[in-house]
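Student: If you scroll down you'll find the structure; I have some questions about it.
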Amino acid sequence: MSLLSSIERKTPQKDSEYLYDESRLKGRDIENIWLPENEKQISTVLSHCNEKKIPVTVYGKGTGITGAAVAFEGDVISMERFNSILGLGFDENDRPYIRVQANVELAKINDVLLKKDFAELTEFSKGVLKRFYKEDPFFYPVDPTEMGASAGGTVATNASGARSFKFGSTRRWVRSLKIVFPDGSVETIKRGTYRADSNGVIEFKNKKIEIPDYSMPECKNAAGYFTERKLDLIDLFISSEGTLGVVLEVELWLEKLVPKMSVIQFFQEQKKAFEYVTVLKNSQRLSPDFIEYIDKFGLEMIREKNKSSNMLNIPELCESWKGAVFFDVDHKNIEDVCSEIENLCLNIGVDVNDTWCAWEKMEIERVRLFRHALPETVNLHIATVQSKYPTVHKLGTDFSVCDAKFSEMMDYSLKVIEENDIKYVVFGHIGDNHVHINMLPNNDDDLKKGKEVYACLAQKAVEFGGTVSAEHGIGKIKHRYIEIMYGKQGVNEMRRVKKIFDPNQILNRDNIFKYEE
């Protein structure tokens, strides 16, 4: 019996979980769903598909919202059995790291680190486990909100989330990747090993890779293939959305876990909220992990939800509050942190009595649930609309711009949306000038207008030197916007790079850019 025939596979059913991701885009026309359980098996499946020129879509946790894991032809490779934490180490600079298989959930990584559940893990140098047991817990800082996301999936999109304000996106934390290529070969790429020379060429596996020739925005970005003058090869794979190779294992650097204090500051007007954020960003004494924002419409939705069910278990929200800023800070002395917050409020004329603080574990969890309640409420609202207009869906922006352009971008965006009479709510990562403006169509006409507004805002973000996708990637549903950002020539540069690693173009077709023969 051949190795290929011994690998488990399924025939997809009409409503198979492998045909969806959180975008709710529905796949079709799939031949096989492969369930490899080790490196040799996935290598065999890929080399077989490559030889037969069968398109392959890689499926992880399905938590993406751009349709990247949704297949419309060929075969699917499920990574569900690559779900083990492998070991711990300290690198040559004494930085701690963890090695995991691609489908390990971020929540599992932090749970193992917090509980120090290391009994079955390998230590990659002598005495590592003893140090991890002895020292204060470590954690993986990247928090893309969806902690059920996989390590491999977050590498594929350079995921970030709230804590990117202090800790950066996934890219900053990836030490190495083990990748299987379409021809079945497997390579481990360690940061710093392969870099572009002065001519912009990387030599790798008998290949000479001319790095992509376009400019990247200076803001937080997850759109398209990463490039820079002295490009590290590993960074080309981070945010490539599975189009260049399949990630098998990831090594991630870790950070020391310290006590946190959660703060919510409410505001009587949006202008004061933005002023507060500017001061908070520059506060060296507070140095927040993240800075999040909810506008007046978001607070209204949460207020109504809390009145109807009180599921959030929070005090009543004042009707006069028109916005809120959330942030977490390290604390050794609670009184010192509270004193600094009070000074901040006094300096910009904000009422310190409109501040909520939490430092006990249960209270911090209540703040976290409050902060995450709005996206769930928005989804429930859309589900209600869909009962009458099935094709309607929300239109959530993922744009980011530099500090100097944020206020102008916000003013322009809200002006255009209001002129088109579309219901909306604003929330998200204001610390990175990356808030999500969620347009909430009430009917099919609203949806049509909303799509045109979205394109208009994307164009403006690019004009301001920003990105059309700061954290979610492009997938299969944002091709229009990647071309707005990089132009046809830039997209063709990406196609050129893909063909170096995947000459038959079998991997994750239509992710980032449309497949062309």
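The values are calculated or read from the model by the stated rules, or taken from the named source; none is laboratory data. The structure displayed is predicted, hence computed values, not measured ones. Positions of Cβ are backbone-derived with ideal geometry, glycine not excepted, and every protein chain shown enters the neighbour counts.
Student: May I ask you to verify whether Arg28 is at pLDDT below 95, surrounded by fewer than 17 Cβ atoms within 10 Å (Cβ to Cβ) and touching a His at 6+ places or on another chain (Cβ under 9 Å)?
Tutor: Details: at pLDDT below 95: yes; surrounded by fewer than 17 Cβ atoms within 10 Å (Cβ to Cβ): yes; touching a His at 6+ places or on another chain (Cβ under 9 Å): no.
The answer is no for Arg28.
Student: In contact (Cβ under 8 Å) with a residue 24 or more places away in the chain and assigned by TED's automatic domain parsing to the domain that holds Gly242: is that true of Asn110 in this structure?
Tutor: On the way: in contact (Cβ under 8 Å) with a residue 24 or more places away in the chain: yes; assigned by TED's automatic domain parsing to the domain that holds Gly242: yes.
Yes: the conditions hold for Asn110.
Student: Considering only residues that are under 21 Å from Leu369 (Cβ atoms) and more than 10 Å from the chain's Cα centre (by Cα), which ones fall in the range 148-163?
Tutor: Once the filter is applied, which keeps residues that are under 21 Å from Leu369 (Cβ atoms) and more than 10 Å from the chain's Cα centre (by Cα), the range 148-163 yields Gly148, Arg163.
Student: When the range 312-364 is examined, which residues are found to be without any contact (Cβ under 8 Å) to a residue 40 or more places away in the chain and within 27 Å of the chain's Cα centre (by Cα)?
Tutor: Once the filter is applied, which keeps residues that are without any contact (Cβ under 8 Å) to a residue 40 or more places away in the chain and within 27 Å of the chain's Cα centre (by Cα), the range 312-364 yields Lys361, Met362.
Student: Scanning for something in a helix (DSSP H, G or I), crowded, with 21+ Cβ neighbours inside 10 Å and at pLDDT 95 or above, does the range 458-467 turn up at least one residue?
Tutor: Yes, that holds for at least one residue.
Student: It is to be established whether one or more residues within the range 87-102 are in contact with a helix residue (DSSP H, G or I) (Cβ under 7 Å, 6 or more places away or on another chain), small (Gly, Ala, Ser) and surrounded by fewer than 16 Cβ atoms within 10 Å (Cβ to Cβ). Write out each step before concluding.
Tutor: Of all residues in the range 87-102, those in contact with a helix residue (DSSP H, G or I) (Cβ under 7 Å, 6 or more places away or on another chain) come to 88-90, 98, 100, 102.
Subset that is small (Gly, Ala, Ser): 89, 102.
Narrowing the set further to residues that are surrounded by fewer than 16 Cβ atoms within 10 Å (Cβ to Cβ) leaves none.
Checked against the condition, which is being in contact with a helix residue (DSSP H, G or I) (Cβ under 7 Å, 6 or more places away or on another chain), small (Gly, Ala, Ser) and surrounded by fewer than 16 Cβ atoms within 10 Å (Cβ to Cβ), the range 87-102 yields no hits at all.
Student: Quick check on this structure: which one of Leu248, Leu280, Leu257 is under 24 Å from the mean Cα position of the chain (by Cα) and more than 30 Å from Lys115 (Cα to Cα)? Don't jump to the end; show me each part of the working.
Tutor: On the way: Leu248 fails: more than 30 Å from Lys115 (Cα to Cα); Leu257 fails: more than 30 Å from Lys115 (Cα to Cα).
The conditions single out Leu280.
Student: Report every pair of residues separated by at least 6 positions or lying on different chains whose Cβ atoms are under 8 Å apart, first residue within the range 258-276 and assigned to a strand (DSSP E or B), second hydroxyl-bearing (Ser, Thr, Tyr).
Tutor: Qualifying pairs under 8 Å: Val263/Thr355; Ile264/Thr355; Gln265/Tyr276; Gln265/Thr355; Phe266/Thr355; Phe267/Tyr276.
Student: Still on this structure, please answer the following. Might you check whether a residue that is within 22 Å of the chain's Cα centre (by Cα) and among the polar types (S, T, N, Q) occurs anywhere in the range 417-432?
Tutor: no
Student: Right, something else. So which residues in the range 147-170 are assigned to a loop (DSSP other than H, G, I, E, B) and within 19 Å of Phe226 (Cβ to Cβ), if there are any at all?
Tutor: Taking the range 147-170 and keeping what is assigned to a loop (DSSP other than H, G, I, E, B), we get 147-149, 158-160, 162-163, 168-169.
Once the filter is applied, which keeps residues that are assigned to a loop (DSSP other than H, G, I, E, B) and within 19 Å of Phe226 (Cβ to Cβ), the range 147-170 yields Asn158, Ala159, Ser160, Gly168, Ser169.
Student: May I ask you to list pairs of residues, at least six apart or on different chains, whose Cβ atoms are under 8 Å apart, with the first in the range 120-143 being exposed (fewer than 11 other Cβ atoms within 10 Å of the Cβ) and the second being aliphatic (A, V, I, L, M)?
Tutor: Pairs found: Asp136/Leu257; Asp136/Val258.
Student: Now for a separate question. Given the conditions (1) touching a strand residue (DSSP E or B) at 6+ places or on another chain (Cβ under 7 Å); (2) touching a residue at least 24 places away in the same chain (Cβ under 8 Å), report the number of the one that Glu187 does not fulfil.
Tutor: Checking Glu187 against (1) touching a strand residue (DSSP E or B) at 6+ places or on another chain (Cβ under 7 Å); (2) touching a residue at least 24 places away in the same chain (Cβ under 8 Å), the one that fails is (2).
Student: For residues that are surrounded by fewer than 17 Cβ atoms within 10 Å (Cβ to Cβ) and touching a helix residue (DSSP H, G or I) at 6+ places or on another chain (Cβ under 9 Å), scanning just the range 282-294, find the one that is nearest to Gly153 (Cα to Cα).
Tutor: Restricting attention to the range 282-294, the residues satisfying the condition of being surrounded by fewer than 17 Cβ atoms within 10 Å (Cβ to Cβ) are 282-285, 287.
Adding the requirement that they be touching a helix residue (DSSP H, G or I) at 6+ places or on another chain (Cβ under 9 Å) leaves 283, 285, 287.
Values: Ser283: 33, Arg285: 34, Ser287: 29 Å.
Restricting to residues being surrounded by fewer than 17 Cβ atoms within 10 Å (Cβ to Cβ) and touching a helix residue (DSSP H, G or I) at 6+ places or on another chain (Cβ under 9 Å), the top hit is Ser287.
Student: Let me ask something else about it. Can you spot a residue in the range 420-432 that is among the basic types (Lys, Arg) and crowded, with 22+ Cβ neighbours inside 10 Å? Full working, then the answer.
Tutor: Just the residues of the range 420-432 that are among the basic types (Lys, Arg), to begin with: 423.
Checking the rest, the ones that are also crowded, with 22+ Cβ neighbours inside 10 Å come to none.
No: zero hits.
Student: Please work out which residue is modelled with the highest pLDDT, limiting yourself to the range 33-66 and to residues that are in contact with a His (Cβ under 9 Å, 6 or more places away or on another chain) and hydrophobic (A, V, I, L, M, F, W, C). Quick ask: steps written out before the conclusion?
Tutor: If we filter the range 33-66 for residues that are in contact with a His (Cβ under 9 Å, 6 or more places away or on another chain), which is where we start, we get 54, 64-66.
Within this subset, residues satisfying the condition of being hydrophobic (A, V, I, L, M, F, W, C) are 54, 65.
Numbers: Ile54: 98, Ile65: 89.
Only one residue tops the list, namely Ile54.
Student: Quick check on Leu257: is it crowded, with 19+ Cβ neighbours inside 10 Å and of a type in the set (A, V, I, L, M)? Break it down into steps so the answer makes sense when it comes.
Tutor: Working: crowded, with 19+ Cβ neighbours inside 10 Å: no; of a type in the set (A, V, I, L, M): yes.
Spelling it out, it is not the case that Leu257 is crowded, with 19+ Cβ neighbours inside 10 Å and of a type in the set (A, V, I, L, M).
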